[in-house]
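Notes follow the structure.
The values are calculated or read from the model by the stated rules, or taken from the named source; none is laboratory data. Not measured: the values here are computed from a predicted model. Every residue, glycine among them, receives a Cβ derived from its backbone with ideal geometry; neighbour counts consider all protein chains shown.
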Ligand SMILES: Nc1nc2c(ncn2[C@@H]2O[C@H](COP(=O)(O)OP(=O)(O)O)[C@@H](O)[C@H]2O)c(=O)[nH]1
């Protein structure tokens, strides 16, 4: 007798595809948030499968902090072309120019927090009623209770006490006008699952994820890459190191890891042996123990 | 994992389980222990709880803090909702739906249990089977969880006594014979010291069974899903607007039961039209077989008018088509259920409205007795009710198929999910 078993990656894949299709079916005007990071790359890969051979029934939205790694933008543009997707860009610089937000100052200045306003503005401007993000529950404590379908009020805020119970595969995306949903198709994936799936599916990844030489500064244990957005303070200096990135975000706050992992297999071995959660290398989470939770309430990804 | 067997992860299965226990039975400690001993804890997470433990003046690192969640709970010192945790061994990936054991939180356990293959129920060896143990076992059986593991915890506090273990086991079995659970196992553990959690304990030589992790890694889950009755709720219709795939019309969805193959004679509900499966496209391309829980796209030989909410089944094995349905409902909102109340309802991918026609009885979740003199159904109540829907649903009994036997009730004004229903 044949065995009717899916391995864990195929089961996660089936679940995520189901969720993405559910979004297309239940919402009028959904969008997929694409950051160029590995999670959103995998989410997009799954979305393409979900509707094959048709094109994606929703556009992609990239929130551009203006502090992106150039590699991220190249990768994004190539991929968008390859799958003939529609790409929208929300610009943090524009939000600053319009006076919607004020640029942070000081050595640790980052645009990560400002993204929230740009995102909410873009959602309002385009009238999106659902925004899919690559968030995973294993990333951070505050995410462990996040739903697949996460309800946001008319201010885009998340109320951890007022989330709908989620039972079986019955996702409830009903809402009042002005409210919207954040959807997390990768909720049940771990960092390891994501890399194993990338290997299994041979998904092409941005070069930033692989070991390379780069000048960095060690700021309280966080290695920041040299760029015009990172200013040295007293006693700090640029040093050439062999590093890679475990997550990719804003150049001003994404920390690198010393690494020689040059293939996906190497990365998997490294993740298996890793001693730090991947968010541990992000300067923005170090600000306070509950910083992720605070940002989520305000409508962060 | 090393380079030689870099593909080992391709043989890993997924097991979803839920944990329940009364407050202080040691649930957080147990989960912390599983995560820590299976090396799923990172250094920075461990450092954080070590610091907190020291601040609180505890003389050991409190593993229970690992599963601590939102700020409100940190302040109140309790868990208030379902939180999901992940860990993996070379054999399996595990998803834990961690639900609190508070008296009023039946709703959370029902939510966590709805997707679980297995439930762990903790019993404090000093207290034995208490009301909440019975409640948790009842909910596990109501939600159709196929495997139940009773962990008798804090064995260190009863001198690792076989007598204590056996008497709790016997008492539980007596109660459980009234429930519908296929597979129940008992393990004596100490979550605090790690006995029989990841490593088998040498302090209980009288216990011949497996440690908890070994059991979780090896328990047979291959036949938990219904692979007999073919059910395919149509989720989305794929019709590419490009030249290359002109004329492609595929029905996308997740298989809710059974095995489908190209060449199968099928029927679409509600229309009753029949056709033959031309091809099945999986995420990796065409497949010769598709089974639950795969997400696929089915193409038929004939152009039928099939849309979201319809169901594709085998002609000679159909679900019941009905509008009058009896369900066991777990109520999940502070707003009470109204007799004659009208609600939105979802079953598989099908939406409709329904009216509550009769509330038969409530269940006392601690004693399993029927309550007939108080039919007020409020938050955390479980009741048997009859409803009538505005459109026919294609249903199976929940005990036969959890996917086609479940519904949710939705508030038509606020759109909140109010109740979870299991079709009887
Ligand atoms: N002696 C002993 N104490 C335990 C054991 N498991 C948990 N505890 C203690 O029981 C208390 C409650 O445990 P906790 O995990 O927070 O319980 P929860 O409320 O079920 O999550 C804590 O003080 C634990 O240290 C055990 O196996 N032996």
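Output the qualifying pairs, or none if there are none: Cβ atoms under 6 angstrom, residues six or more apart or on different chains, first residue in segment B:117-132 and farther than 11 Å from residue B:27 by Cβ and more than 14 Å from chain A (Cβ to nearest Cβ), second residue away from the ligand (no atom under 15 Å from the Cβ) and assigned to a strand (DSSP E or B).
Listed pairs, sorted by first residue: B:118/B:17; B:118/B:147; B:119/B:148.
Is there a residue being away from the ligand (no atom under 12 Å from the Cβ), in contact with a helix residue (DSSP H, G or I) (Cβ under 8 Å, 6 or more places away or on another chain), more than 12 Å from every other protein chain (Cβ to nearest Cβ) and over 22 Å from residue A:271 (Cα atoms) anywhere in segment B:41-61?
no
Surrounded by fewer than 17 Cβ atoms within 10 Å (Cβ to Cβ) and farther than 28 Å from residue B:111 by Cα, is that true of residue A:159?
On the way: surrounded by fewer than 17 Cβ atoms within 10 Å (Cβ to Cβ): yes; farther than 28 Å from residue B:111 by Cα: no.
No, not satisfied.
Would you confirm whether or not segment A:269-276 contains a residue that is part of a strand (DSSP E or B), at pLDDT 80 or above and under 24 Å from residue A:140 (Cα atoms)? Don't jump to the end; show me each part of the working.
Here is the first cut: in segment A:269-276, the residues part of a strand (DSSP E or B) are none.
Scanning segment A:269-276, I find no residue that is part of a strand (DSSP E or B), at pLDDT 80 or above and under 24 Å from residue A:140 (Cα atoms), so the answer is no.
Considering each of A:126, A:212 in turn, give the residue that is surrounded by fewer than 23 Cβ atoms within 10 Å (Cβ to Cβ), free of Cβ contacts under 8 Å to residues at least 40 places away in the same chain, over 18 Å from residue A:46 (Cβ atoms) and more than 12 Å from chain B (Cβ to nearest Cβ).
Numbers: A:126 fails: free of Cβ contacts under 8 Å to residues at least 40 places away in the same chain.
Just one listed residue meets the conditions, A:212.
Any idea how many residues of segment B:239-272 are under 24 Å from residue A:6 (Cα atoms) and within 13 Å of another protein chain (Cβ to nearest Cβ)?
Count: 12.
Tally up the residues in segment B:203-240 that are farther than 18 Å from residue B:146 by Cβ and within 16 Å of the ligand (Cβ to nearest atom), please.
Kept after step one, since they are farther than 18 Å from residue B:146 by Cβ, are these residues of segment B:203-240: B:203-209, B:211, B:213-214, B:230-240.
Within this subset, residues satisfying the condition of being within 16 Å of the ligand (Cβ to nearest atom) are B:203-204, B:207, B:211, B:213.
Total satisfying the criteria: 5.
Residue check, residue B:200 against (1) away from the ligand (no atom under 15 Å from the Cβ); (2) at pLDDT below 95; (3) surrounded by 21 or more Cβ atoms within 10 Å (Cβ to Cβ), all met but one. Which one?
It is condition (3) that residue B:200 fails.
Which residue, of A:71, A:103, is in contact with a helix residue (DSSP H, G or I) (Cβ under 6 Å, 6 or more places away or on another chain) and assigned to a helix (DSSP H, G or I)? Walk me through it before giving the result.
Numbers: A:103 fails: assigned to a helix (DSSP H, G or I).
Result of the check over A:71, A:103: A:71.
Residue under question is residue A:229, and the condition is that it be closer than 30 Å to residue B:96 by Cβ and away from chain B (no Cβ under 14 Å); does it hold?
Working: closer than 30 Å to residue B:96 by Cβ: no; away from chain B (no Cβ under 14 Å): yes.
In short, no.
List the number of the failed condition for residue A:84; all other conditions in (1) within 12 Å of chain B (Cβ to nearest Cβ); (2) in contact (Cβ under 8 Å) with a residue 12 or more places away in the chain; (3) not in a loop (DSSP other than H, G, I, E, B) hold.
(3)
Identify all residues within segment B:102-115 that are touching a strand residue (DSSP E or B) at 6+ places or on another chain (Cβ under 6 Å) and surrounded by 24 or more Cβ atoms within 10 Å (Cβ to Cβ); write none if there are none.
B:109, B:110, B:111, B:112, B:113, B:114, listed by residue number.
I need the strands (runs of 3 or more DSSP E) fully contained in segment B:355-424, keeping only those with at least 1 residues that are free of Cβ contacts under 8 Å to residues at least 60 places away in the same chain.
B:382-395
Sort through A:54, A:14 and tell me the only one that's facing another protein chain (nearest Cβ under 10 Å), free of Cβ contacts under 8 Å to residues at least 40 places away in the same chain and not in a helix (DSSP H, G or I).
Values: A:14 fails: not in a helix (DSSP H, G or I).
Going through A:54, A:14 in turn, the sole match is A:54.
Which condition does residue A:60 not pass, out of (1) at pLDDT 95 or above; (2) within 14 Å of another protein chain (Cβ to nearest Cβ), if it passes all the others?
(2)
Out of curiosity, is residue A:6 in contact with a strand residue (DSSP E or B) (Cβ under 6 Å, 6 or more places away or on another chain) and not in a helix (DSSP H, G or I)? Break it down stepwise before answering.
Working: in contact with a strand residue (DSSP E or B) (Cβ under 6 Å, 6 or more places away or on another chain): no; not in a helix (DSSP H, G or I): yes.
No, not satisfied.
Filtering segment B:1-25 down to residues that are at pLDDT below 90 and under 23 Å from residue B:190 (Cβ atoms), which residue is farthest from the ligand (Cβ to nearest atom)?
The extreme case among them is B:20.
Among the residues in segment B:194-201, are any out of contact with any strand residue (DSSP E or B) (no Cβ under 9 Å at 6 or more places or on another chain) and free of Cβ contacts under 8 Å to residues at least 24 places away in the same chain? Please lay out each step first, then the result.
Of the residues in segment B:194-201, the ones out of contact with any strand residue (DSSP E or B) (no Cβ under 9 Å at 6 or more places or on another chain) are B:194, B:198-200.
Remaining after also requiring free of Cβ contacts under 8 Å to residues at least 24 places away in the same chain: B:200.
Yes, segment B:194-201 contains at least one residue that is out of contact with any strand residue (DSSP E or B) (no Cβ under 9 Å at 6 or more places or on another chain) and free of Cβ contacts under 8 Å to residues at least 24 places away in the same chain.
Does residue A:23 qualify as being within 14 Å of chain B (Cβ to nearest Cβ) and under 20 Å from the mean Cα position of the chain (by Cα)?
On the way: within 14 Å of chain B (Cβ to nearest Cβ): yes; under 20 Å from the mean Cα position of the chain (by Cα): yes.
Against the criterion (within 14 Å of chain B (Cβ to nearest Cβ) and under 20 Å from the mean Cα position of the chain (by Cα)), residue A:23 qualifies.
Of everything in segment B:309-334, what is surrounded by fewer than 19 Cβ atoms within 10 Å (Cβ to Cβ) and within 21 Å of residue B:396 (Cα to Cα)? Give them in sequence order.
Once the filter is applied, which keeps residues that are surrounded by fewer than 19 Cβ atoms within 10 Å (Cβ to Cβ) and within 21 Å of residue B:396 (Cα to Cα), segment B:309-334 yields B:314, B:315, B:316, B:317, B:318, B:320, B:321, B:322, B:323, B:324, B:326, B:328.
Among the residues of segment B:136-186 satisfying the criterion of being in a strand (DSSP E or B), within 16 Å of the ligand (Cβ to nearest atom) and surrounded by 22 or more Cβ atoms within 10 Å (Cβ to Cβ), which is farthest from the other protein chains (Cβ to nearest Cβ)? Steps first, answer last, please.
From segment B:136-186, those in a strand (DSSP E or B) are B:147-153, B:183-186; that's our starting set.
Next cut, within 16 Å of the ligand (Cβ to nearest atom) only: B:149-153, B:186.
Narrowing further to those that are surrounded by 22 or more Cβ atoms within 10 Å (Cβ to Cβ): B:150-153.
Working: B:150: 24, B:151: 22, B:152: 27, B:153: 23 Å.
So the residue we want is B:152.
For segment B:97-135, which positions are touching a helix residue (DSSP H, G or I) at 6+ places or on another chain (Cβ under 8 Å), within 16 Å of the ligand (Cβ to nearest atom) and in a helix (DSSP H, G or I)?
Selection gives B:109, B:133, B:135.
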